[in-house]
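Note sheet for the following structure.
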Amino acid sequence: MTLQVARPELGPEEAEAVARVLATGWVTQGPEVARFEAELAAFVGAPEAVATSSCTTALHLALLAVGVGPGDEVVCPSHSFIATANAVRQCGATPVFADVDLDTFNLDPDDVARRVGPRTRALLVVHQLGLPCDLEALLGLARARGLPVVEDAACAIGSEVLTERGWERIGRPHGDLACFSFHPRKLVTTGDGGAITTRDPAVAARLRRMRQHGMTVTDAERHKSASVVFEAYEAPGFNYRLTDLQAAVGRVQLGRLPAAIAHRRALAGRYRERLHASPEVACPVEPSWARTNWQSYCVRLTDRCARGQREVMEALLAAGVSTRRGVMCAHLEPAYAGAYEGLGRSERARDRGLVLPLHGGMGPGDVDRVCDALLAAVRGG
Ligand SMILES: Cc1ncc(COP(=O)(O)O)c(C=O)c1O
């Protein structure tokens with residue numbers, strides 16, 4: 001049987017949670033969404049969490065909330081899922097791509113500093129594949145330039161960063177707003193879904209209106225009211241709602257997250273043990289100030305590996321191991337065709353990166369099977 005790259009962990013508890021919500025008849029923007037938001041906020045240590053239909057819609061709202069609009073520029077990585085760049089475009093702004101570090105696949109703060117210009121309106125920093133980016137350097141830069149920071153934490157639920165206060169979960173948020181994804185590739189899934197965390201209750205209230213057509217009165221408020229309430233629409237909004245069915249699944253998933261991360265940490269440790277001595281394979285690097293949730297284990301084929309990415313992937317597939325190429329680069333896709341300079345490390349990371357299987361259904365024996373196949377493949381076996 002082929003070993004899959006990722007697999008959501010969904011079981012009878014999630015099915016029971018959905019059935020419980022169905023029985024209440026309140027299936028969107030109801031009490032489960034409110035509970036999920038409260039539990040998520042408590043988990044990451046944020047005062048407020050606002051659930052959305054995806055991370056892409058969360059990023060769109062977050063960028064609008066910090067004032068990004070037509071004519072603005074937002075500095076972000078090209079080396080990310082295309083939703084990062086798309087969210088900037090959705091605001092009518094232009095993504096200005098900065099290069100990444102090859103060991104962490106995260107933004108290089110020095111290159112970000114070089115790309116900030118008079119039209120820069122915000123920084124959109126990504127915690128790539130779950131590994132926290134260099135927040136200290138990036139937030140320092142943003143403060144010095146008076147720029148807001150939106151964290152694309154799509155993959156980083158449960159990841160941690162060391163601050164002067166100690167270890168803190170991504171999403172407090174450390175920037176102005178942080179956005180999460182609950183797509184099935186992520187450690188917490190609601191099918192599709194997302195959330196924004198913020199320290200500011202007024203911003204949270206505005207985000208909740210924006211996700212629901214700009215409506216000034218929520219369904220819950222109207223439901224609770226003893227008198228007739230008419231809502232108003234003071235600003236244009238969107239339908240970016242998460243349903244209560246999804247929120248109920250998310251609550252179960254959130255409860256399992258610490259155990260899921262511990263399991264992945266053990267598997268990632270085994271990968272490192274087996275692969276770190278190979279001259280052909282560079283293992284992902286976790287800086288001393290970061291703890292990833294190991295959403296994905298992405299190795300890089302070094303210059304010592306004579307075989308190409310596709311060849312290695314094909315050899316692995318033939319050995320019953322499914323892989324994915326490294327993170328994409330938006331600037332190499334037709335949607336963002338243009339003249340770009342200085343993104344060489346992003347391009348190398350894409351062309352030499354290899355995402356290996358890592359999920360809760362795996363044990364150490366599966367990791368060994370992947371490593372045996374990979375080590376044979378990179379040596380041309
Ligand atoms: C870095 C990054 N940003 C944004 C997204 C988009 O998330 P969603 O599919 O929830 O819209 C993803 C999805 O994988 C991602 O990896």
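The values are calculated or read from the model by the stated rules, or taken from the named source; none is laboratory data. Please read all numbers here as calculations on a predicted model, not as lab measurements. Ideal geometry is used to build each Cβ from the backbone, glycine not excepted, and the neighbour counts take in all protein chains shown. When the accessible area is computed, the model is the full protein with side chains, heavy atoms only, and any ligands, DNA or RNA have been set aside. Shrake-Rupley method; radii C 1.70, N 1.55, O 1.52, S 1.80 Å.
Some observations on this one:
- Qualifying residue in the stretch 287-301 (condition: within 16 Å of the ligand (Cβ to nearest atom), within 21 Å of residue 126 (Cα to Cα) and either free of Cβ contacts under 8 Å to residues at least 60 places away in the same chain or surrounded by fewer than 21 Cβ atoms within 10 Å (Cβ to Cβ) (or both)): no
- Meets criteria (over 20 Å from residue 290 (Cα atoms), open to solvent by less than 20 Å² (accessible area, probe 1.4 Å) and more than 15 Å from the ligand (Cβ to nearest atom)) for residue 147: no
- Condition met for residue 91 (within 16 Å of the ligand (Cβ to nearest atom), touching a Gly at 6+ places or on another chain (Cβ under 7 Å) and not assigned by TED's automatic domain parsing to the domain that holds residue 342): yes
- Put simply, of 243, 218 the only residue that is in the same structural domain as residue 185 (by TED's automatic domain parsing), in contact with a strand residue (DSSP E or B) (Cβ under 9 Å, 6 or more places away or on another chain) and open to solvent by 50 Å² or more (accessible area, probe 1.4 Å) is 218.
- Residues of the stretch 34-53 that are buried (at least 22 other Cβ atoms within 10 Å of the Cβ) and within 16 Å of the ligand (Cβ to nearest atom): 36, 40, 49, 50, 51, 52.
- Per-region count, the stretch 324-354, residues basic (Lys, Arg) and either in a helix (DSSP H, G or I) or open to solvent by less than 50 Å² (accessible area, probe 1.4 Å) (or both): 4
- Selected residue (criterion: nearest to residue 355 (Cα to Cα)) from residues of the stretch 177-209 that are surrounded by fewer than 24 Cβ atoms within 10 Å (Cβ to Cβ) and in contact with a helix residue (DSSP H, G or I) (Cβ under 8 Å, 6 or more places away or on another chain): 183
- Residues being in the same structural domain as residue 198 (by TED's automatic domain parsing), out of contact with any strand residue (DSSP E or B) (no Cβ under 8 Å at 6 or more places or on another chain) and in a strand (DSSP E or B) are represented in the stretch 160-173 by at least one member.
- Helices (runs of 4 or more DSSP H) completely within the stretch 7-95 that count 1 or more residues being among the acidic types (Asp, Glu), without any contact (Cβ under 8 Å) to a residue 12 or more places away in the chain and farther than 21 Å from residue 203 by Cβ: 12-24
- Residues of the stretch 101-136 classified as away from the ligand (no atom under 12 Å from the Cβ) and either part of a strand (DSSP E or B) or on the phi > 0 side of the Ramachandran plot (or both), total: 4
- The stretch 1-13: number of residues that are more than 18 Å from the chain's Cα centre (by Cα) and either of a type in the set (Lys, Arg) or crowded, with 21+ Cβ neighbours inside 10 Å (or both): 1
- Filtered residues of the stretch 355-373 (kept if in a helix (DSSP H, G or I) and surrounded by fewer than 19 Cβ atoms within 10 Å (Cβ to Cβ)): 364, 365, 366, 368, 369, 372
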